[in-house]
Amino acid sequence: MTSRAEQRAATRRALLTEGRRRFARDGFHEVVLAEVAQGIGATKGAAYHHFGSKAGLFRAVVEEAQREVADRVARAAGEHDDPWEQLLAGCRAFLAASSDPELRRIMLVDAPTVLGWNEWRTMDESSSARHLAEALESLIAAGVIEPQPVEPLTRLLSGAMNEAALWLAQPTGPTPPGQPDGSPLDATMAALTMLLDGLRQPTA
């Protein structure tokens, strides 16, 4: 038999899944918490019990999305042995995530305005930005990047990448006429690689 704890966990998981689907499709302001609960056959009271409010459910969805992107970054970096290639692969994985329509609407379009810039940045720093800081620390330790404080460098690069991700996340897409699909990501990654190359020591 399913225990009450398992039932509660299953209900919470179902609310997260349904909420994520609706937030991605309709946007935060068009979603009604009671309808999310109704969509999984639960009561509005159950949704309030687990998340407190629509904003609480959205916050949990954003946290899950942030972890998902961080996992993508970590997996992409883990496919390489060279620290520099790990950095580039992780950066590309982060930027590529913004082309996912579901993540784009939730994490990049609605989250900064619904949660507020400070909370959104804090969540970002605990996920993808953490991997960026670790990669930079490894490169400094390996002598690839000149020794310097990691935190300001992380913030500068993270800010640049978030701005690029927001640009890539435009609903209409930033692809110029006559260019193939996917070229904005390639162009952004090429520009970012040139920027990162400026950090390398001449002998690296």
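Here are the numbers for the structure shown:
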{"item": "Boolean, L115 is within 23 Å of A190 (Cβ to Cβ) and of a type in the set (A, V, I, L, M)", "result": "no"}
{"item": "Which listed residue, of V62, V36, V31, V69, is in contact (Cβ under 8 Å) with a residue 60 or more places away in the chain and within 30 Å of E125 (Cβ to Cβ)", "result": "V62"}
{"item": "Residue list for segment 24-38, filter: farther than 22 Å from T113 by Cβ and open to solvent by less than 70 Å² (accessible area, probe 1.4 Å)", "result": "A34, A37"}
{"item": "Members of segment 101-136 that are among the hydrophobic types (A, V, I, L, M, F, W, C), crowded, with 17+ Cβ neighbours inside 10 Å and more than 18 Å from A24 (Cβ to Cβ)", "result": "A129, L132, A133, A135, L136"}
{"item": "A42 in a helix (DSSP H, G or I) and either under 30 Å from L139 (Cα atoms) or in contact with a helix residue (DSSP H, G or I) (Cβ under 9 Å, 6 or more places away or on another chain) (or both)", "result": "no"}
{"item": "Residue within segment 73-80 that is open to solvent by 30 Å² or more (accessible area, probe 1.4 Å), assigned to a helix (DSSP H, G or I) and of a type outside the set (D, E, K, R) present", "result": "yes"}
{"item": "Candidate set from segment 166-184 (those that are in a helix (DSSP H, G or I) and at pLDDT below 85); member that is most open to solvent (accessible area, probe 1.4 Å)", "result": "W167"}
{"item": "Close pairs (8 angstrom Cβ cut-off, 6 or more residues apart or separate chains): closer than 19 Å to L139 by Cβ in segment 184-203, open to solvent by 40 Å² or more (accessible area, probe 1.4 Å) and outside any helix (DSSP H, G or I) anywhere", "result": "L199/E146; Q201/E146"}
{"item": "Matching residues in segment 39-59 - criterion: being surrounded by 14 or more Cβ atoms within 10 Å (Cβ to Cβ) and free of Cβ contacts under 8 Å to residues at least 12 places away in the same chain", "result": "K44, H49, G56"}
{"item": "Residue in segment 83-90 that is among the charged types (D, E, K, R), modelled with pLDDT of 90 or more and buried (at least 16 other Cβ atoms within 10 Å of the Cβ) present", "result": "no"}
{"item": "Answer from R67, R21 - the residue that is part of a helix (DSSP H, G or I), open to solvent by 90 Å² or more (accessible area, probe 1.4 Å) and more than 25 Å from A129 (Cβ to Cβ)", "result": "R21"}
{"item": "Residues of segment 101-143 satisfying the condition of being modelled with pLDDT of 90 or more, more than 27 Å from D197 (Cα to Cα) and among the charged types (D, E, K, R)", "result": "D110, E119"}
{"item": "Any pair with Cβ under 7 angstrom, 6 or more apart, that starts in segment 135-149 at a residue that is over 19 Å from E125 (Cβ atoms) and ends at one that is loosely packed, with under 15 Cβ neighbours inside 10 Å and among the charged types (D, E, K, R)", "result": "V144/R200; I145/R200"}
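The values are calculated or read from the model by the stated rules, or taken from the named source; none is laboratory data. Owing to the predicted nature of the structure, the values given are computational and were not obtained by experimental measurement. Cβ atoms come from the backbone with ideal geometry, glycine included; neighbour counts cover every protein chain shown. To get the accessible areas, we keep the full protein, side chains included, count just its heavy atoms, and leave off ligands, DNA and RNA. Shrake-Rupley method; radii C 1.70, N 1.55, O 1.52, S 1.80 Å.
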